[in-house]
1. List every residue pair whose Cβ atoms lie under 8 Å apart, where the two residues are 6 or more positions apart in sequence or sit on different chains, the first residue falls within segment 10-36 and is more than 18 Å from residue 92 (Cβ to Cβ), and the second residue, located anywhere, is assigned to a helix (DSSP H, G or I) and β-branched (Val, Ile, Thr).
2. Tell me the residue from 177, 138 that is in contact with a Lys or Arg (Cβ under 9 Å, 6 or more places away or on another chain) and within 22 Å of residue 58 (Cα to Cα), please.
3. I'd like the residue in segment 242-270 that is under 18 Å from the mean Cα position of the chain (by Cα) and either at pLDDT 90 or above or farther than 22 Å from residue 182 by Cβ (or both) and, out of all such residues, is surrounded by the fewest Cβ atoms within 10 Å (Cβ to Cβ).
4. Return only the number of the condition from (1) modelled with pLDDT of 90 or more; (2) out of contact with any Gly (no Cβ under 8 Å at 6 or more places or on another chain) that residue 44 does not satisfy.
Amino acid sequence: MALFNLFERENLYIPGCFSEAYLRNIVRNYERIMKKLDIRFRRFSDFFCCGAILEEAGYEKQARKLAKENHELLVTKGVIRVITSCPNCFRMFSQNYKDMMPNWEIKTQFILEPILEALKNKNTKLGTYFNEPAVYYGSCYLSRYSNFYDIPREILKLIGFHLVEIQNNHDESLCCGSCGNLPLIDSELSKKIAKDFISDLKRQKVKKVITADSRAFKHLLSNITKEDGIEVFEFSEVLCEALGIKREAREKDENNEEQQKEKQQNELIT
């Protein structure tokens with residue numbers, strides 16, 4: 001593991017395995033946003049997995065073992081708060097780790113919580129370039145599983161979006177097919193769920209969708225066509241625009257090749 005100053009009791013930012021592997025531009029966006037807002041954080045330069053992918057796949061024993069190892073590491077490094085931009089990591093740290101380890105006391109925040117705090121406390125000047133209807137999509141893990149509903153919507157309103165709620169929202173929000181390793185286990189079913197979700201958006205004349213879930217973001221991008229007429233944004237992209245930060249360009253979306261690589265990596269893990 002990379003060197004970590006034992007005397008610096010700062011926040012540890014964990015982007016999550018998926019973003020680290022496939023959406024590094026999103027990770028860099030969030031790093032720039034936190035620096036802009038003076039949110040102190042550190043990163044491990046080496047790979048760090050919370051174990052959610054094992055837990056999702058039913059490997060509970062291996063997930064518990066990794067969780068205990070991670071806990072020992074974080075305590076040794078003096079970490080008192082984990083900030084993550086991955087809903088799966090957020091669920092794992094804030095819920096599963098508590099169940100697995102009664103002595104788990106490290107605070108966990110989804111990244112939008114400290115961002116909202118900073119926006120309010122600093123009275124940051126925001127550009128409001130989005131005075132048009134948009135839908136916030138809360139993924140299953142971030143919404144129903146973690147009850148994280150209000151903060152994303154509050155931020156989007158703060159930066160000038162006119163938020164529109166689709167018919168199925170909050171705890172009744174439809175699944176987009178990206179959770180639970182479904183794209184790897186049954187790719188056809190995950191695509192069908194995504195297409196059904198997109199059809200529902202089209203029926204309600206939705207033109208812009210913003211999500212804070214990297215898996216949902218990539219899955220929707222992979223299944224939306226130009227003919228659908230829907231733009232999908234990851235939350236960090238609109239935040240960068242509002243804060244006057246040059247956001248990282250989206251990396252080339254070679255879906256079939258990347259999905260095959262991801263499948264191979266997960267087979268190695270399991």
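The values are calculated or read from the model by the stated rules, or taken from the named source; none is laboratory data. None of these values were measured; they are calculated from a predicted model. With ideal geometry, Cβ positions are generated from the backbone for all residues, glycine too; neighbour counts draw on all protein chains shown.
1. As it stands, the answer is 33/115; 34/115, since those pairs meet every condition given.
2. 177
3. 249
4. For residue 44, the failing item is (1).
Residues checked against (1) surrounded by fewer than 19 Cβ atoms within 10 Å (Cβ to Cβ); (2) without any contact (Cβ under 8 Å) to a residue 12 or more places away in the chain:
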position: 58; (1), (2): yes, yes
position: 62; (1), (2): yes, yes
position: 67; (1), (2): no, no
position: 80; (1), (2): yes, no
position: 86; (1), (2): no, no
position: 91; (1), (2): no, no
position: 94; (1), (2): no, no
position: 98; (1), (2): yes, yes
position: 101; (1), (2): yes, no
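Residues are listed down the side, and each one gets a yes or a no for (1) at pLDDT below 90; (2) farther than 15 Å from residue 215 by Cα; (3) in the same structural domain as residue 81 (by TED's automatic domain parsing); (4) out of contact with any Gly (no Cβ under 8 Å at 6 or more places or on another chain):
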site: 100; (1), (2), (3), (4): no, yes, yes, yes
site: 108; (1), (2), (3), (4): no, yes, yes, yes
site: 139; (1), (2), (3), (4): yes, no, no, yes
site: 166; (1), (2), (3), (4): yes, yes, no, yes
site: 189; (1), (2), (3), (4): no, yes, no, no
site: 192; (1), (2), (3), (4): no, yes, no, no
